[in-house]
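Asker: First the structure, which I've put down as structure tokens, then a few questions once you've had a look.
The values are calculated or read from the model by the stated rules, or taken from the named source; none is laboratory data. All of these numbers come straight from a predicted model, not from anything done at the bench. Here the Cβ positions follow ideal geometry from the backbone for every residue, glycine too, while neighbour counts run over all protein chains shown. Each accessible area value is taken on the protein alone, full model and side chains, heavy atoms only, with ligands, DNA and RNA left out. Shrake-Rupley method; radii C 1.70, N 1.55, O 1.52, S 1.80 Å.
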Amino acid sequence: NFTEFFRTKNSDGSFVHAADVRAFLDLMVKPDPESMFPFSNEEFRDNFHHTLWMVPGVKSAKALSAMLQAHPVFGNFEIVNVAGDGDDDAERGDALELVQKAIAKNDYTITISCGKLTTGVSVPEWTAVFMLSGTFNTAASAYMQTIFRVQSAGKIDGVQKKEAFVYDFAPDRALLVVAASVLGSRKGKGGMAIEDEDREREFEKFLQFCPIIAIDGAQFEKFDVQALMSQINRVQIDRALKTGFTDNAIYDM
């Protein structure tokens, strides 16, 4: 539950679960050549110079910005908080301009947002987005608009960007969004239910340009169509149980 994890105190705006958030940040940068966390080894650190972090709201963005700036590793990054009015000491102005200026002046940046810069902008230097907000009810359209911000084409240090990553720490939500995105457009054609064969074909097409990878122990495991459909079915069953079969969305698949 991202909203609870990043909940802040009314008194001073710091995190209620500060120790847990700090442990999460430490885990992401803990040196380990076998780890799949985004800043855990040199290869990943070289790839993720500029990233976008999505958080639940303005207050959590401000608290996270302060914690990142005080962190022994992330403190070396330029933190750009574009959520709401940003940090008190942040330069006011256009959010995209702030990000571009920070990237131009710094080798490593983190942009924190709770909605800004998720539609209609292009930041070629972004190579990863961390989804640290949202719920089971996250709209597929908004989610996909956000994650494709990091897929903007462009050259980084003279080299054409070839790949971008989405780290979602709520994998069940991610799978539901993928299912809704892939199958939603097909369902609109005549309102007919999608046959299993057609469903498999649509997922196959999606995975060709947006492969889904799971962290399994110390390895990346690439999903094929059968594995993806199996996981989505499992998530749908779990969701039905959690909602007492009252959520109509579970019958739309």
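Asker: Could you grab the pairs with beta carbons closer than 9 Å, sequence gap of 6+ or different chains, first residue in segment 9-27 and of a type in the set (Asp, Glu), second one surrounded by 14 or more Cβ atoms within 10 Å (Cβ to Cβ)?
Answerer: If the second residue must be surrounded by 14 or more Cβ atoms within 10 Å (Cβ to Cβ), the pairs left are Asp20/Phe5; Asp26/His71; Asp26/Val73.
Asker: Right, something else. Filter segment 1-32 down to the residues that are assigned to a loop (DSSP other than H, G, I, E, B) and exposed (fewer than 13 other Cβ atoms within 10 Å of the Cβ) and list them by number. Full working, then the answer.
Answerer: To start, the set of residues in segment 1-32 that are assigned to a loop (DSSP other than H, G, I, E, B) comprises 1, 6-7, 9-14, 16-17, 30-32.
Those that are assigned to a loop (DSSP other than H, G, I, E, B) and exposed (fewer than 13 other Cβ atoms within 10 Å of the Cβ): Asn1, Lys9, Asn10, Ser11, Asp12, Gly13, Pro31, Asp32.
Asker: Within segment 105-140, how many residues are surrounded by fewer than 20 Cβ atoms within 10 Å (Cβ to Cβ), more than 16 Å from Asp168 (Cβ to Cβ) and polar (S, T, N, Q)?
Answerer: Qualifying residue count for the region: 3.
Asker: Is it the case, given these coordinates, that Ala139 is small (Gly, Ala, Ser) and modelled with pLDDT under 60? Walk me through it before giving the result.
Answerer: Details: small (Gly, Ala, Ser): yes; modelled with pLDDT under 60: no.
When the stated conditions are applied, Ala139 does not pass them.
Asker: Just for segment 33-48: of the residues that are open to solvent by 10 Å² or more (accessible area, probe 1.4 Å), under 25 Å from Gly134 (Cβ atoms) and out of contact with any Leu (no Cβ under 7 Å at 6 or more places or on another chain), which one is modelled with the highest pLDDT? Can you show your working first?
Answerer: Here is the first cut: in segment 33-48, the ones open to solvent by 10 Å² or more (accessible area, probe 1.4 Å) are 33-37, 41-47.
With the extra rule that they be under 25 Å from Gly134 (Cβ atoms), the set shrinks to 35-37, 44, 47.
Now drop any that are not out of contact with any Leu (no Cβ under 7 Å at 6 or more places or on another chain), which leaves 35-36, 44, 47.
Details: Ser35: 78, Met36: 79, Phe44: 86, Asn47: 89.
Residue satisfying both the conditions and the ranking: Asn47.
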